[in-house]
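Notes follow the structure.
Only the coordinates and a few stated rules stand behind these numbers; no lab work does. The structure presented is a predicted model; accordingly, all values stated were derived computationally and were not measured. For neighbour counting, all protein chains shown are included, and Cβ atoms are generated from backbone atoms with ideal geometry for every residue, glycine included.
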Amino acid sequence: MYIAQRTVTFVQGFLKSYGPSKIKKRLWDKEFSGTKWNFMDNTAGDCVYPKLEKYAHDGDILHLGCGPGNTANELAIHAYRSYIGVDISEAALSKAMKRTQECGRADKNGFACSDFLGYMPTKDFDVILFRESMYHIPFGQVQVILDRYSKFLKNDGVFIVRLYAADHKTGETKNRVTSKIDLINREFDVMETYQHADVGRSTVLVFRPRRKS
């Protein structure tokens, strides 16, 4: 029974990252319609917020894989002018929009239902944020996706990525995650790196496309 459950969990996790958009949407909607992600309802004090507030420059933020709106509504309201959150799950976005209305941010926060791997922005941004959504980009597509979104950064715009480099319980290094961190360090201009001294080694990277000399 344990092995069967692990197999189902693995297959679902694989499909949420690598499956067709319709299947990913169905799986994410099911999870966000339940209680699995309720812990995201309160992430105030997260280590990504100081970096977001520093680099937003009272400007525009694009958040890819925004979930139920915690970032959109926990970020200091005076730190940004506009926020667009993109997520494949209508269930997550329903929660995000409801919370936005309750927080009085409807004039600043907007949302789009889309698989962010294929989302096409309509303007440029000061910050493009991948919070934990970078987990769900296949390694072979990481640079392709970042290069494509680089075109939608303002002249001084940055990417901000937040990842856990290790397992929350065991502290064991996640090689697939550290490979992505290594790629970013190798192929982009990293301006700041922050790693929390917790078991999961929560890591925030602030970087921009490498400028041609």
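Taking Cα pairs under 8 Å and at least six residues apart, what relative contact order does segment 40-209 come out at, in percent? Display every interim value, and only then the final one.
Numbers: 315 pairs, mean separation 33.9, N = 170.
Over segment 40-209, the number comes to 20 percent.
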| request: Using only the alpha carbons, work out the radius of gyration and Dmax of segment 40-209 in angstrom. | output: 15.1, 43
| note | Per DSSP, the loop-located trypsin sites (Lys or Arg not before Pro) within segment 94-191 having at most 12 other beta carbons within 10 Å are Lys123, Lys151, Lys169
| task | Determine the sum of side-chain charges near Ala56: Lys and Arg each +1, Asp and Glu each -1, restricted to other residues whose C-beta is under 9 angstrom from that of Ala56. | result | -2
| remark: Computed ³J(HN,Hα) along segment 81-92: with the Karplus parameters 6.51/-1.76/1.60, θ = phi - 60°, integer Hz and x for glycine or proline, the list is 8, 9, 9, 10, x, 10, 8, 7, 9, 5, 5, 5
| message | With every atom except the alpha carbons ignored, what do you get for Rg and Dmax of segment 169-213, in angstroms? | response | 12.4, 44
| remark: The alpha-carbon center of segment 45-90 and that of segment 140-160 are separated, in whole Å, by 17 Å
| note | Computed for segment 40-209: size of charge dipole around the Cα centre, +1 on C-beta of each Lys and Arg, -1 on C-beta of each Asp and Glu, debye to nearest 20, value 120 debye
